[in-house]
Amino acid sequence: MLRVKNINTYYGKVHALKNVSLHLNRGEIVALIGANGAGKTTVLNSISALTPPASGEVLFENEPLGVMGADKVVRLGISQVPEGRQIFKPLSVEDNLELGAYLRYRGREGKDAIRKDLEGIYELFPRLLERKRQIAGTLSGGEQQMLAIGRALMARPKLMLLDEPSMGLAPLVVQEIFRVIETLRAEQGTTILLVEQNAKAALKIADRGYVLETGKIILEEKATELLNNREVQRAYLGKDKKEIWER
Amino acid sequence: MGKIIFKTLSVLCLMLAMASVTVAAEPIKVGALFSVTGPASFLGEPERNTAVMVVDKINKAGGIKGRKVSLIVYDTQGDATKAVQAATRLIKDDKVVAIIGPSTTGDTMAVIPIVEKEGIPMISCAAGIKITDPAKKWVFKTAQNDNLAVQRIYEYLKTQGIKRVALLTVSDSFGSSGREQLKGLAKSYGVDIAADETYGPKDTDMTAQLTKIRGSEAKAIICWGTNPGPAIVARNVKQLGITLPLIMSHGVSSKKFIELAGDASAGIIIPSGHVIVADQLPGSDPQKKALMSYVKEYQARYKAEGDHFGGHAWDAMTLVKMALERGAATPAAIRAQLEKTRNYNGIGGIFNFSPTDHAGLTKDAFVMVTIKNGDWVLIKDKKAGGKAGAKK
Amino acid sequence: MLRGEAITRTFGGITALDDVSFSFAAGKITGIIGPNGAGKTTLFNIITGIYAPTEGKVFLEGKDITGLAPEKLARMGMVRTFQGIELFPQMTVLENVMVGRHTKSKSGIIASAFKLPGHIREEKNIREKALSWLQFAGLGDLADQEAGSLPFGRGRILEIARALALEPRIIFMDEPAAGLNSRETRELAGLIRKISELGITIALVEHDMELVMDICEEIMVLNLGRKLAWGTPREIQENREVVMAYLGEG
Amino acid sequence: MKRELLKFLLFAIVVSVVPAFVSGGYLLNVLVFVGIFTMLAVALNLLLGFAGQISLGQAAFYGLGAYMSGVLTASHGMNPWVAMLIGAGAVGLLTFVLGFPILRLKGHSLAMATLGLGIIVYIFFNETVDVTGGPSGLSGIPNLTVGSFVFDSDLKNYYLIWGFALLAILLAVNLTNSRIGRALKAIHQSEVAARVLGVDVHLLKVEIFTISGVLSAIAGSLYAHTVMFISPTSFGFNVSIELLTMVIIGGLGSIYGSVLGAALLTLLPELLRTFQDYDIIVYGLLLILMTMFMPGGLVRGIPDAAVALYGKLKGGGADVER
Amino acid sequence: MASSDQILQYCLSGLSTGAIYALIGIGFAIIYNSTGIINFAQGEFVMLGGMLTVFFLSVAVLPLPAAVTAAVLVATLVGVIFERLAIRPLKDAQPITLIIITIGGSILIRGIVMLVWGKDTHALPAFSGNEPLFVGGATILPQHLWIFVITVLIIAANRLYFHHSISGKAMRACSYNARASRLVGIDVKRMVLFSFAISAAMGSMAGIIIAPLTMTSYDVGVMLGLKGFCAAIIGGMSSGIGTVFGGLIVGVLESLGAGLVSSGYKDAIAFFILLIILFLRPQGLFRKGETERV
């Protein structure tokens, strides 16, 4: 479904991604894990064309994304839930969700279908229904994350890119978020690329996983195997001390 | 064959024509400074147009003593700094023998030190009394002094038995000069100023000032400004239902004002040069001929009403022309001839210059007019207006 | 040397830091680590005067410096570098470091404009000191280059050299290794040690665990705005809670 | 450092021999004004180009200097030099005091506040008729004198004003190459880094605002004593915009660029004479095109364009790194 | 001293000019919020509204409603062209550059209008007569009612658009977070273009409804633009009710100042208030919080 081939991305003079390749099959949940600063977010931004790669190729359903703008990528069916949620804080919860369906409003689709999806989101996140008139900036961190996911879902994406949905959230909330991600795949068949620092939680729901270290993919394996792979731990907490983790 | 002869002939003719031009005397260079653009463009544009028109007419008639007149116009944009630069350029580079303009008092005052120092006669088209009071050797003016208009107004008020007035003047050089004269002359005419308000040249609503005036004890309102301010004042007066007589300055003496003020213009009284009522003047009026020809020519050439301000340039250029015709060629001679001007029937009035008077007009330069049925009408007043006609 | 007492900071409805206390020992290199969103940068910004804390106090050698503006802190010998490096790109490398001497010089506008003798002497002194710090950092050859044209890694070092020119007592580095390749990171580690040998206290936020474990003498771990652990690198690596914070719950 | 000095000396020599090649006349008069506008542009450039703080009210300080000089000499018979000093001092005090609240503002708020200040001052020039002569201006201002020597011709004024202008340039050059200048540039390029290094950003901004105001006031005094007449129109909003344009066109942060900008804008109306009434359009167009295609101003723009052209001629469209 | 009738008259006059300032101010705010640009050419849209209506009425001889519609359309088009030619090509320009560009644009538009239609002032007929109406002891003209009604309608439409249409919400989203907006598929460039179109339309409408009272000429835009700018700053650059109050405050204080203090210093009063507000509450009177965009 999605094929990333040898992309290189730069931030100014910093070589952030080095020949990164990965792929996703339809209906898969794939986790992309790695330490802070490894380049996970850059991978997502390269796919959603916020920071287009300098070289290499991104193919979605065998079509190259090339140099199209970020809004065109959304049109093709890829939605990103950005790091730090990036919800529209001064707008109401419902406005945020409606904006998720911005392109659908501009298309020929009837409002009823969108309305129905909106109700679907409220079913998925009852907390958002309670607060639908509230200004989004006043939500708690977990609620903001739900809103960000809900907003992305409103575009009816075929592929969702989730960037650190667990960041800064308490364990219980993290569990709820991950439960929803699983539900999504199960009920709507959405393909999901999950970027996480919280490797264990991510790998538990993922089918496969990639490990990213300083801009390079160093491992690709089944999630269950990665869970027990020492290299993962090494990627997080430093090379020389890996013996510590052998217990 | 015939073609070639024709060609040769025509070339010859052309060369002859060119030779005749070069043989003819060098043109007389006259400089002009007008604020063609900028906030005072309402003055500068008709002035520039008129001056160009007059010079074209002179040249079409064969110039002055066989010499064409070349008019060099610079735009001052109503900015003193630019006026100074332009004046220096006229004098030093273009080597003009005389300057007409500038349009505004400020520009004129800025240029005076230069013409005085360089010894070039200048005929300003600005109204400020400071320009020729005290008289400066090289500086003349054609615009009627504000104090003449003020005297006219106060005389008129006297005939109406009005003693208390409210002032509403625009805060530019035209308005502040008028305000100064209105205040200065009030005492000698026994007029009491009950309110003294101003407005900005770009203001869009004067009801606040007028409300204040309504609350005062004034029996008439004198508004001093140029379009569009006074038109807004007229409308605001009507809106507020103020019934006091409304007197404006000569700054609005054009049809344009009536057009802008619309219905609200009815009954407004102004002191004006004769130009706007030229056709209503008796045939015996000495100014009538000049006035009518100016109005006609301007209309024909620019498809617009020749106004009062253009008249200043007409007078200035004509004065220069007359001095040249009397044989003056150098700046000093022109100056001397200008000073000897007597009984010139101009647009602005009948000019009589003297060594002590470089403004040359009396208050007879103004008549009182009012607006009736969307047109200017001469007030044939028994006392004030009539005196002007009788005196001649 | 530097002490924080019960620091709390909220943004809107979200608590970024919750009751964090700490104490950085003089002359030591302290690392601050934690997963994304743990509040490291917020803590840094509070200490260095960019933000004020919602609650709590910061002390520098016993003196209350809570909420003092960065320029005041600089005069007290506290300086920092930035994650995204903040150079003065249109000035030369040397001039960048010369700005670092600002607090150590005092000619006013008049003296500078009229080039009074005292000013000329001072300028010479500034230039010499700046050059010597450049050499200390190994950038002596690049003095006349425009800072904006430096490769990223060099820029990092320049930023540190510029901070050193202030002759600080304590220096804060925000992710000094971010964006560096492994050779540059090794060089950086060497430089940090060299600075430490001068007796300057160092605190750094860093993601590169190898670097942190390598050079830091003490480490503070933040998670979800709270202090999770404090100890030597070895202790931190063996701490189960830390491991859980990083890798998630088992 | 040495190079700067050499550059300055070269420029000073050029300035002092120019009158020999300008046969008196009008051009010399224009060059006198170029001198005044050079001072003003340099003053604004210190603020805008180096410290990165916009001012849309610069004409106010220029006007205050001119009016202080004008009123004190014409109406109170004071010695022009003393009047100039008092004018500069008063404006210095005003800018210093106002600088504290004003320079707390940033971006559009700062632009608006300085613009408002400019308009308020302009209105005062217009309204205090008893003092300033109001809209019709103030005349009778004497020339500057030294002993019995009177600065009453364009040539004398040329040397007087360019003397001041050169001094202003020298001070500005000195300043930009000092710790203060570096700190200013630092503020402009990264305010947060400058603060972290101990630069008292706010105080420094206020100080440079003051210097800028004082220089402008002196330029105003010189104007008053040269033209011998002042009226509010010379110190209105348009003039502030014109000054801004000079600095931008010359190149932000380039002292000699400001000289170029001042010269160009003063000569521009002359060059545009051929366009007559169209000049306002040409002016607007020029402003847009210059900022779009030469954002670094002429001083950097022309070399860049030359390099680009050279590259094209040589390599057929080589990319020029900026 | 001043009677209550007088005060009432001052306030009514002030409210009607204030309404115009508010409309212009909202135009400023809309562009500012979506681009961070202070559009110094905003006043020229106001001028274009009036001048174009005069043109369509007198030269093209259209009936008033058609002339007004045509004028708004053309002014909007000018706004769009201005954005495409002068604003969009600049990427990552400094604020100062943008200020200069818009000043240049304003000079250019003014210059073109001056050349095409001359420097004359033109009057526009009142929409429905000139008979004054009495409100208590004060009077207003029917045109004032038009001003109030149209202003209220425009502001209501504005509110409706920004809070209840998806495209308006998208514009608000863009002004808050352009990056996230791109992620939900909003074309940010198109929104910027929209913002220029909307504020040009609003500005020109303001110019049209005020022209019957104040006349119009090629240079009316400058001062109106600056006052509108004051309104927007006082309102904290909000594209809603804050700026409306900002405009009304400037209008009423100006009018009271002219009536009670000194008419000569009227404009100085407006700008003096502006300075005080900037010094004491730089974020504007009606904006809470610290969300100043840099």
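The table for this structure:
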quantity: Residue in region D:240-254 that is under 24 Å from residue D:98 (Cβ atoms), at pLDDT 90 or above and in a loop (DSSP other than H, G, I, E, B) present; calculated: no
quantity: Qualifying residues in region C:94-120 (those that are within 20 Å of residue D:211 (Cα to Cα) and assigned to a loop (DSSP other than H, G, I, E, B)) - the one most open to solvent (accessible area, probe 1.4 Å); calculated: C:106
quantity: Single residue of region B:215-230 satisfying the filter (of a type in the set (Gly, Ala, Ser) and in contact with a Phe, Trp or Tyr (Cβ under 9 Å, 6 or more places away or on another chain)) that is nearest to residue B:160 (Cα to Cα); calculated: B:225
quantity: Condition met for residue E:236 (touching a helix residue (DSSP H, G or I) at 6+ places or on another chain (Cβ under 7 Å) and on the phi > 0 side of the Ramachandran plot); calculated: yes
quantity: Any chance residue E:21 is closer than 22 Å to residue E:145 by Cα and either hydroxyl-bearing (Ser, Thr, Tyr) or buried (at least 21 other Cβ atoms within 10 Å of the Cβ) (or both); calculated: yes
quantity: Sole residue being of a type in the set (Gly, Ala, Ser), part of a helix (DSSP H, G or I), within 9 Å of another protein chain (Cβ to nearest Cβ) and in contact (Cβ under 8 Å) with a residue 12 or more places away in the chain, chosen from C:177, C:130, C:163; calculated: C:163
quantity: Only one of B:289, B:256 that is of a type outside the set (Val, Ile, Thr), assigned to a helix (DSSP H, G or I) and touching a strand residue (DSSP E or B) at 6+ places or on another chain (Cβ under 8 Å); calculated: B:289
quantity: Filter result (open to solvent by 20 Å² or more (accessible area, probe 1.4 Å), within 16 Å of residue C:25 (Cα to Cα) and touching a residue at least 24 places away in the same chain (Cβ under 8 Å)) within region C:197-218; calculated: C:199, C:217, C:218
quantity: Residue D:93 open to solvent by 10 Å² or more (accessible area, probe 1.4 Å), under 27 Å from residue C:113 (Cα atoms) and within 16 Å of the chain's Cα centre (by Cα); calculated: no
quantity: Residue match in region B:73-81 (condition: open to solvent by less than 20 Å² (accessible area, probe 1.4 Å), closer than 20 Å to residue D:266 by Cα and β-branched (Val, Ile, Thr)); calculated: yes
quantity: Enumeration of residues in region E:210-245 that are crowded, with 24+ Cβ neighbours inside 10 Å, part of a helix (DSSP H, G or I) and more than 12 Å from every other protein chain (Cβ to nearest Cβ); calculated: E:243, E:244
quantity: Residues satisfying the stated conditions in region A:50-83, i.e. part of a loop (DSSP other than H, G, I, E, B), touching an Asp or Glu at 6+ places or on another chain (Cβ under 9 Å) and surrounded by 22 or more Cβ atoms within 10 Å (Cβ to Cβ); calculated: A:82
quantity: Region C:181-192 - residue that is assigned to a helix (DSSP H, G or I) and without any contact (Cβ under 8 Å) to a residue 40 or more places away in the chain and, of those, surrounded by the fewest Cβ atoms within 10 Å (Cβ to Cβ); calculated: C:183
quantity: Matching option when the condition is within 24 Å of residue B:355 (Cβ to Cβ), assigned by TED's automatic domain parsing to the domain that holds residue B:271 and modelled with pLDDT under 95, among B:151, B:160; calculated: B:151
quantity: Conditions (1) in a helix (DSSP H, G or I); (2) open to solvent by 10 Å² or more (accessible area, probe 1.4 Å); (3) not hydrophobic (A, V, I, L, M, F, W, C): number failed by residue D:23; calculated: (1)
quantity: Residue A:43 being part of a strand (DSSP E or B), surrounded by 20 or more Cβ atoms within 10 Å (Cβ to Cβ) and away from every other protein chain (no Cβ under 12 Å); calculated: no
quantity: Residue within region E:179-189 that is more than 14 Å from chain A (Cβ to nearest Cβ), open to solvent by less than 10 Å² (accessible area, probe 1.4 Å) and assigned to a helix (DSSP H, G or I) present; calculated: no
quantity: Within region A:1-17, considering residues that are in a strand (DSSP E or B) and over 21 Å from residue A:210 (Cα atoms), the one least open to solvent (accessible area, probe 1.4 Å); calculated: A:14
quantity: Residue list for region E:85-102, restricted to those being more than 7 Å from chain D (Cβ to nearest Cβ) and in contact (Cβ under 8 Å) with a residue 12 or more places away in the chain; calculated: E:87, E:88, E:98, E:102
quantity: Some residue of region C:173-180 being outside the structural domain of residue C:102 (by TED's automatic domain parsing), surrounded by fewer than 23 Cβ atoms within 10 Å (Cβ to Cβ) and over 21 Å from residue D:196 (Cα atoms); calculated: yes
quantity: Residues (surrounded by fewer than 24 Cβ atoms within 10 Å (Cβ to Cβ) and either touching a residue at least 12 places away in the same chain (Cβ under 8 Å) or outside the structural domain of residue B:339 (by TED's automatic domain parsing) (or both)) located in region B:121-135; calculated: B:129, B:130, B:132, B:133, B:135
quantity: Answer from C:59, C:44 - the residue that is surrounded by fewer than 19 Cβ atoms within 10 Å (Cβ to Cβ), in contact (Cβ under 8 Å) with a residue 24 or more places away in the chain and under 16 Å from residue C:201 (Cα atoms); calculated: C:59
quantity: Filter pass, residue D:210 being within 9 Å of chain C (Cβ to nearest Cβ) and open to solvent by less than 30 Å² (accessible area, probe 1.4 Å); calculated: yes
quantity: Unique residue being more than 10 Å from every other protein chain (Cβ to nearest Cβ), crowded, with 16+ Cβ neighbours inside 10 Å and either of a type outside the set (Asp, Glu) or touching a residue at least 24 places away in the same chain (Cβ under 8 Å) (or both) when the list is E:155, E:140; calculated: E:155
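Table: residues versus (1) modelled with pLDDT of 85 or more; (2) within 30 Å of residue B:237 (Cα to Cα); (3) open to solvent by 10 Å² or more (accessible area, probe 1.4 Å); (4) under 15 Å from the mean Cα position of the chain (by Cα).
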| residue | (1), (2), (3), (4) |
| --- | --- |
| B:264 | yes, yes, yes, no |
| B:268 | yes, yes, no, no |
| B:272 | yes, yes, no, yes |
| B:286 | yes, no, yes, no |
| B:289 | yes, no, yes, no |
| B:314 | yes, no, yes, yes |
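Let's see how each residue does on (1) of a type outside the set (A, V, I, L, M); (2) open to solvent by 20 Å² or more (accessible area, probe 1.4 Å); (3) in the same structural domain as residue B:258 (by TED's automatic domain parsing); (4) touching a Leu at 6+ places or on another chain (Cβ under 9 Å):
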position	(1), (2), (3), (4)
B:297	yes, yes, no, no
B:327	yes, yes, no, no
B:334	no, no, no, yes
B:337	yes, yes, no, yes
B:346	yes, no, no, yes
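The values are calculated or read from the model by the stated rules, or taken from the named source; none is laboratory data. Computed from a predicted model, the values in this text were never measured in an experiment. Don't worry about glycine lacking a Cβ; one is built from the backbone with ideal geometry, like all the others, and counts go over all protein chains shown. In case anyone asks, the SASA skips ligands and DNA or RNA and just uses the protein heavy atoms, side chains included. Shrake-Rupley method; radii C 1.70, N 1.55, O 1.52, S 1.80 Å.
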